[in-house]
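One structure is given here, and the rest of the page talks about it.
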């Protein structure tokens, strides 16, 4: 039986790098994409499909799960049309408006369920604490606790969530993508726009800073 690495792929830069890392370590990849009612869901799905094609992921190991119920719950500028996605205001430990309440717990739960079905033992998630200290579900202790839950609550207790970029700076992620020859031009990070990246939301600003600190040009297009 082939060793399968299950990768959560949003279509963003962090998820691309974790896919590239998993590709080096496993015989086969499985890609899982979650649509949770985010404002750029169509663009993210497009990027996910292109990244899956790049890594030649077997169609039967590609899955998209509808989690649009999170938009019904609301509470985040990413899913609630009444809330505006705010511009980046600098590094802060405050929880930003883009935080989707307890989102990663839902995402990981979906991944664990599928991992049990296909026999994957490692689930790769691109959570990044260093550039997102305000997100409670991007903290190291969160994943330590979740792995204990998975061990206790699955049939074999041998599935683990792997966080290869958790403590990286964005410049480190950019450099890893370069070293792994990962196609950064296929990714999308913007929270606001699906045609040209806005360049001012939290995600765009951190991405641009990462490229600047890595002394590399970002290959995607931004609004002038």
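The values are calculated or read from the model by the stated rules, or taken from the named source; none is laboratory data. Quick caveat: nothing in here was measured; it's all calculated off a predicted structure. Methodologically, a virtual Cβ is constructed for each residue, glycine included, from the backbone with ideal geometry; neighbour enumeration extends over all protein chains shown.
Any idea which of (1) part of a helix (DSSP H, G or I); (2) out of contact with any helix residue (DSSP H, G or I) (no Cβ under 9 Å at 6 or more places or on another chain) is the one residue 20 doesn't satisfy?
Evaluating residue 20 over (1) part of a helix (DSSP H, G or I); (2) out of contact with any helix residue (DSSP H, G or I) (no Cβ under 9 Å at 6 or more places or on another chain) leaves (2) as the failure.
Here's a check for you: in the stretch 63-78, which residue that is part of a loop (DSSP other than H, G, I, E, B) and in contact (Cβ under 8 Å) with a residue 40 or more places away in the chain is surrounded by the most Cβ atoms within 10 Å (Cβ to Cβ)?
By that ranking, first place goes to 78.
Looking at this structure, is residue 194 modelled with pLDDT under 95, over 17 Å from residue 7 (Cβ atoms) and either in contact with a strand residue (DSSP E or B) (Cβ under 9 Å, 6 or more places away or on another chain) or part of a loop (DSSP other than H, G, I, E, B) (or both)?
It is false that residue 194 is modelled with pLDDT under 95, over 17 Å from residue 7 (Cβ atoms) and either in contact with a strand residue (DSSP E or B) (Cβ under 9 Å, 6 or more places away or on another chain) or part of a loop (DSSP other than H, G, I, E, B) (or both).
I need the full set of residues from the stretch 26-45 which are touching a residue at least 40 places away in the same chain (Cβ under 8 Å) and either at negative phi or surrounded by 24 or more Cβ atoms within 10 Å (Cβ to Cβ) (or both), in order please.
The answer is 26, 30, 32, 34, 36, 38, 39, 40, 42, 43, 44.
So residue 189 passes all but one of these: (1) modelled with pLDDT under 95; (2) assigned to a loop (DSSP other than H, G, I, E, B); (3) under 27 Å from residue 122 (Cβ atoms). Which condition number does it fail?
(1)
Spot the failing condition for residue 167; the list is (1) over 19 Å from residue 23 (Cα atoms); (2) in a helix (DSSP H, G or I), and only one is missed.
Just one mismatch for residue 167, condition (2).
Go over the candidates 57, 100 one by one and state the one that is over 18 Å from residue 205 (Cα atoms), part of a loop (DSSP other than H, G, I, E, B) and modelled with pLDDT of 95 or more.
57
May I ask you to list the residues in the stretch 205-224 that are without any contact (Cβ under 8 Å) to a residue 60 or more places away in the chain and either closer than 13 Å to residue 185 by Cα or in a loop (DSSP other than H, G, I, E, B) (or both)?
Hits for the stretch 205-224 are 211, 214, 215, 216, 217, 218, 219, 220, 221, 222, 223, 224.
Would you confirm whether any residue within the stretch 195-203 is over 30 Å from residue 116 (Cα atoms), buried (at least 18 other Cβ atoms within 10 Å of the Cβ) and either within 14 Å of the chain's Cα centre (by Cα) or free of Cβ contacts under 8 Å to residues at least 24 places away in the same chain (or both)?
yes
Please find, within the stretch 160-171, the residue that is nearest to residue 113 (Cα to Cα) out of those that are in contact (Cβ under 8 Å) with a residue 40 or more places away in the chain and buried (at least 18 other Cβ atoms within 10 Å of the Cβ).
Filtering first and then ranking leaves 161.
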